[in-house]
Amino acid sequence: MIRLRDLKDIELFLLDMDGTFYLGNKLLPGSIEFVDTLRKQGKNFMFLTNNSSNDSESYAEKLRKMGLDGKIEVFTSGDATGIFLKERYGTLRIFLVGTKKLAKTFEKYGHKIVQEDPEIVVLGYDTEINYEKLAKACIYLRKNLLYVATHPDINCPSLEGPLPDAGSYIALIEKSTGRLPDYIVGKPNPLMLEMVMKKTGVSREKIAMVGDRLYTDIEFARRSGILSILVLTGETTLEDLRNSSIKPDIVVENIGELAKLLQKESGE
């Protein structure tokens, strides 16, 4: 159900990326219009993505190349995991199932990526994955090392269709070792919202989450107590929505339709 009064009060929009703002290397309909609308109305936005295969700087550069200008803030599940581990355990020796960009993210927060004698196994969305990494991770996990995943997404949307994401790797490792992660840091874990509020100073009643996945984006908003907005340009279909117990506050065809709702509410 659309709650325009709540939408009008939002000061900060958290935007998922894959399937919400762009698909592959192509902006989705209305993406630039949405950002222009927010800037005109004095509202802010931050990209909040579970996709840990790239670092925040690379995502910002990708968005610029696709045509988005001005200030671009990106906060990934890799950032959230790096901060979470440092705050809870200090800097760690990490065996990483993840990309070189994710390794760079952890190093930014003072952690060390190692192949031998790790203190923890961390699993991300590894688009550079190979059998050696998986085998070594399973060996370490059988030694009862701490096990953390950056996020739970089963698939990553692409122009060719859904591609296996970290959640699929989690299932594979569970089959081999019987272990699930001790912590999964990204959406829907409300820990990410706490980090955003600390970073921006915006209170939860003035924050909305815009995304394409019910079990991460919309569930994240529900657990965090913020407004949830589902777009139908990514993973979730109307049939999925009908069959799910997770219901968003607002459903729009695409992010451009959300821009029009904001324009309508402000009398533009």
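The values are calculated or read from the model by the stated rules, or taken from the named source; none is laboratory data. Being a predicted model, the structure only gives us computed values, none of them experimental. Cβ coordinates were reconstructed from backbone atoms using ideal geometry, including for glycine residues, and neighbour counts include every protein chain displayed. Heavy atoms of the whole protein, side chains included, go into the accessibility calculation; ligands, DNA and RNA do not. Shrake-Rupley method; radii C 1.70, N 1.55, O 1.52, S 1.80 Å.
Miscellaneous remarks
- Of all residues in region 43-62, one or more are over 14 Å from the mean Cα position of the chain (by Cα), part of a loop (DSSP other than H, G, I, E, B) and at pLDDT 95 or above.
- For region 199-218, a residue qualifies if it is buried (at least 23 other Cβ atoms within 10 Å of the Cβ) and either free of Cβ contacts under 8 Å to residues at least 60 places away in the same chain or hydrophobic (A, V, I, L, M, F, W, C) (or both), and the qualifying residues are 207, 208, 209, 210, 218.
- Restricting attention to region 153-170, the residues that are over 18 Å from residue 136 (Cβ atoms), modelled with pLDDT of 95 or more and not charged (D, E, K, R) total 3.
- Tabulated pairs, region 127-145, first at pLDDT 95 or above and open to solvent by less than 90 Å² (accessible area, probe 1.4 Å), second in a helix (DSSP H, G or I) and among the β-branched types (Val, Ile, Thr), C-beta under 6 angstrom, 6+ apart or interchain: 138/177; 141/177
- Residues of region 38-68 classified as open to solvent by 60 Å² or more (accessible area, probe 1.4 Å) and touching a strand residue (DSSP E or B) at 6+ places or on another chain (Cβ under 7 Å), total: 1
- Members of region 102-126 that are open to solvent by 80 Å² or more (accessible area, probe 1.4 Å), of a type in the set (D, E, K, R) and at negative phi: 104, 107, 108, 112, 116, 119
- In a residue-by-residue description of region 165-188, the property of being in contact with a Lys or Arg (Cβ under 7 Å, 6 or more places away or on another chain) and surrounded by fewer than 17 Cβ atoms within 10 Å (Cβ to Cβ) applies to at least one position.
- Residue in region 1-9 that is of a type in the set (Val, Ile, Thr), touching a residue at least 12 places away in the same chain (Cβ under 8 Å) and crowded, with 16+ Cβ neighbours inside 10 Å present: no
- Region 220-268, residues that are part of a helix (DSSP H, G or I), open to solvent by less than 70 Å² (accessible area, probe 1.4 Å) and either of a type in the set (Phe, Trp, Tyr) or within 20 Å of residue 12 (Cβ to Cβ) (or both): 220, 221, 224, 255, 256, 258, 259, 261, 262, 263, 265, 266
- For region 3-23, the candidate set comprises residues that are of a type outside the set (Lys, Arg) and more than 19 Å from residue 73 (Cα to Cα); within that set, the residue that is modelled with the lowest pLDDT is 4.
- Test result for residue 110, touching a helix residue (DSSP H, G or I) at 6+ places or on another chain (Cβ under 8 Å), among the small types (Gly, Ala, Ser), over 30 Å from residue 160 (Cα atoms) and modelled with pLDDT of 95 or more: yes
- Test result for residue 159, in contact with a helix residue (DSSP H, G or I) (Cβ under 8 Å, 6 or more places away or on another chain), assigned to a loop (DSSP other than H, G, I, E, B) and open to solvent by 70 Å² or more (accessible area, probe 1.4 Å): no
- All of 136, 187 fail the test of being charged (D, E, K, R) and closer than 23 Å to residue 209 by Cβ, apart from 187.
- Those residues of region 87-101 which are surrounded by 15 or more Cβ atoms within 10 Å (Cβ to Cβ) and either closer than 28 Å to residue 164 by Cα or without any contact (Cβ under 8 Å) to a residue 12 or more places away in the chain (or both), in sequence order: 92, 94, 95, 96, 97, 98, 99, 101
- Residue tally, condition touching a residue at least 40 places away in the same chain (Cβ under 8 Å) and either within 18 Å of residue 229 (Cα to Cα) or not in a helix (DSSP H, G or I) (or both), over region 165-188: 6
- Test: residue 35 is of a type in the set (A, V, I, L, M, F, W, C) and crowded, with 17+ Cβ neighbours inside 10 Å: yes
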